[in-house]
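Peer 1: Have a look at this one.
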Amino acid sequence: MKKKTYKSRHMVGAFLAGALLFSGVSLAAANPEETLDAIKHTTAKISYYVNGENYSTADGQYMNQGTAASDSIIHNGTTYVPVRMVSDLVGQPVYWEQDSRTISLGLPVVKLYDTEGEPAGFATLEQVDDGVKVKISASGLTPGKHGFHVHEFAIQGTDFESAGGHFNPTDKHHGLDHPEGSHVGDMPNLVVEADGTVEAEMLIQHGTLEKEQPNSVLGRSLIIHAGEDDGVTDPAGDSGDRITGGNIPE
């Protein structure tokens, strides 16, 4: 007799089914009709988690929230993503960045690259009361001050110019020191150590991680410049070439 092999998705389904049964039995006595509806709803979710869901479009391309999914998140011909299951269970969002094939849970993670496409560090973004907090860790930079901004578009490949100008939904002048500034994408200079590394926390004032808001930074990019941002000069503080960057996932 052939021995049946169980995969992780089967184990997940069994775990969720067990949890459903336990909660259903404990609630059934209190309100049978509501409990039955809850069981049906949760059973449908278990089926989705275990079997995946077909997001196939008319032209046969599988989609991931409107973006073509990569092979790394397709399972059995569907966009079956275990991390989505976890995110739903713990109530945390999932962020996906197509170009770097980065999936992050809870907080958006930005992979940073230099102009040659070599890894240069990473940044995480977190919503706070007065904007979006950016924690950055990068290396391979020249010591001193470097302009650091959110740019309007995602970077295409290693063409940092494709990121467009600073993210400026309120049509302000550039610079945190400008009397008529600043861009939402303006941040203080990064100060790089003698060994070429930087660890810093910055604030994107008035930015948000809420989707479809005019000041949302999701789907845009972070760019480090070769020189210091003077804080007042349009359009980019005379901060020089774009030397390191990465896309903010959505």
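Peer 1: Counting only residues that are surrounded by fewer than 21 Cβ atoms within 10 Å (Cβ to Cβ) and in a strand (DSSP E or B), how many does the stretch 180-191 have? Lay out the reasoning, then the answer.
Peer 2: So the first thing to find is which residues in the stretch 180-191 are surrounded by fewer than 21 Cβ atoms within 10 Å (Cβ to Cβ), and the list is 180-181, 188, 191.
Then keep just the ones that are in a strand (DSSP E or B); that gives 181, 191.
Looking only at that region, the number is 2.
Peer 1: Could you list, in sequence order, all residues of the stretch 198-212 that are open to solvent by less than 40 Å² (accessible area, probe 1.4 Å) and under 20 Å from Val232 (Cα atoms)?
Peer 2: Step one: list which residues in the stretch 198-212 are open to solvent by less than 40 Å² (accessible area, probe 1.4 Å), which gives 198, 200, 202, 204, 207-209.
Hits for the stretch 198-212 are Met202, Ile204, Gly207.
Peer 1: I would also like to ask the following. Is it the case, given these coordinates, that Thr170 is in a loop (DSSP other than H, G, I, E, B) and hydroxyl-bearing (Ser, Thr, Tyr)? Walk me through how you get there before you give the answer.
Peer 2: Values: in a loop (DSSP other than H, G, I, E, B): yes; hydroxyl-bearing (Ser, Thr, Tyr): yes.
So Thr170 fits the description; yes.
Peer 1: Can you name the strands (runs of 3 or more DSSP E) wholly within the stretch 87-137 that have at least 1 residues being surrounded by fewer than 16 Cβ atoms within 10 Å (Cβ to Cβ)?
Peer 2: Working: elements: 94-97, 102-105, 109-114, 119-128.
Output list reads 102-105, 119-128.
Peer 1: Within the stretch 211-250, count every residue that is of a type outside the set (Gly, Ala, Ser), closer than 20 Å to Gly131 by Cα and in contact (Cβ under 8 Å) with a residue 40 or more places away in the chain.
Peer 2: Keep residues of the stretch 211-250 that are of a type outside the set (Gly, Ala, Ser), which gives 211-215, 217-218, 220, 222-225, 228-230, 232-235, 238, 241-244, 247-250.
When the remaining residues are screened for being closer than 20 Å to Gly131 by Cα, the result is 211-215, 217-218, 220, 222-224, 247-250.
Checking which are in contact (Cβ under 8 Å) with a residue 40 or more places away in the chain leaves us with 214-215, 217-218, 220, 222-224, 247-250.
Number satisfying all stated conditions: 12.
Peer 1: Can you give me the number of residues within the stretch 139-154 that are within 21 Å of His183 (Cβ to Cβ) and either modelled with pLDDT under 95 or not β-branched (Val, Ile, Thr) (or both)? Outline the logic, then answer.
Peer 2: Step one: list which residues in the stretch 139-154 are within 21 Å of His183 (Cβ to Cβ), which gives 145-154.
If we keep only those that are either modelled with pLDDT under 95 or not β-branched (Val, Ile, Thr) (or both) too, we end up with 145-149, 151-154.
Summing the residues that are within 21 Å of His183 (Cβ to Cβ) and either modelled with pLDDT under 95 or not β-branched (Val, Ile, Thr) (or both) in the stretch 139-154 gives 9.
Peer 1: Part of a strand (DSSP E or B), of a type outside the set (Val, Ile, Thr) and buried (at least 16 other Cβ atoms within 10 Å of the Cβ), is that true of Gly237? Break it down into steps so the answer makes sense when it comes.
Peer 2: Values: part of a strand (DSSP E or B): no; of a type outside the set (Val, Ile, Thr): yes; buried (at least 16 other Cβ atoms within 10 Å of the Cβ): yes.
Answer is no for this residue.
Peer 1: Looking at Asp177, Asp195, which is the one that is more than 18 Å from Ser137 (Cβ to Cβ) and surrounded by fewer than 16 Cβ atoms within 10 Å (Cβ to Cβ)? I'd like the intermediate steps shown before the answer.
Peer 2: On the way: Asp195 fails: more than 18 Å from Ser137 (Cβ to Cβ).
The match here is Asp177.
Peer 1: I'd like the residue in the stretch 147-167 that is among the acidic types (Asp, Glu) and not in a strand (DSSP E or B) and, out of all such residues, is least open to solvent (accessible area, probe 1.4 Å).
Peer 2: Glu152
The values are calculated or read from the model by the stated rules, or taken from the named source; none is laboratory data. Just so it is clear, the model here is predicted, and its values are computed rather than measured. Please note: Cβ atoms are built from the backbone with ideal geometry, for glycine as well, and neighbour counts cover all protein chains shown. Accessible surface areas use protein heavy atoms only, side chains included; no ligands, DNA or RNA. Shrake-Rupley method; radii C 1.70, N 1.55, O 1.52, S 1.80 Å.
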